[in-house]
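The values are calculated or read from the model by the stated rules, or taken from the named source; none is laboratory data. Fair warning: this is a prediction, and the values are worked out from it, not measured in the lab. With ideal geometry, Cβ positions are generated from the backbone for all residues, glycine too; neighbour counts draw on all protein chains shown.
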Amino acid sequence: MKKLYILSGILLIPFISACEDEGNSVVHHQGQNCLSCHSFTSAATIYNDLRGKYDTNVNTANGYTIQLLLDNGTTIKYRQGNGHGNVLWKGDAGDVNDFTAQVLDTNGNVVNRSEKNSHHVGRLACNICHSELGLNGAPGRIVSYQYKSLKKQIMH
């Protein structure tokens, strides 16, 4: 009986620690709703592939980040999170209403952006809409290149 308890405990460890801080691991639940485990204000995964899969670093864009341009002129910058492509923001969302989301490369250049003020405070769990197939008008994943170039890729 004692062996059964020990074996059960060992088998449950990955599930108990699934949302714990896993250091800077390569795979850290990329593409899933970060806010379901973490108390960040907002978080996302940036991909190199519009249809990137969950929980893999194969198509994630490591080193990129996001910034929000609020309708009141304020800029909010995200920081790198655990795992490849994951970014997060911890702050006060009190001033957030409508905003424009921008993806920045490692040099701080804007490589992708949403339509002006197309997002609002209710859309801070980015990976919910920016899923593999896209929901609520999102074209798919947040990617490290401008969405306008996607029309060619989707048509072929």
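Details
- Residues that are touching a residue at least 60 places away in the same chain (Cβ under 8 Å) and farther than 19 Å from residue 125 by Cα, drawn from the stretch 40-58: 48, 49
- Candidate set from the stretch 59-82 (those that are in a loop (DSSP other than H, G, I, E, B) and touching an Asp or Glu at 6+ places or on another chain (Cβ under 8 Å)); member that is surrounded by the most Cβ atoms within 10 Å (Cβ to Cβ): 64
- Within the stretch 26-39, if we keep just the residues that are in a loop (DSSP other than H, G, I, E, B) and under 22 Å from residue 105 (Cβ atoms), the residue that is modelled with the lowest pLDDT turns out to be 26.
- Residues satisfying the stated conditions in the stretch 98-140, i.e. basic (Lys, Arg) and assigned to a strand (DSSP E or B): 113
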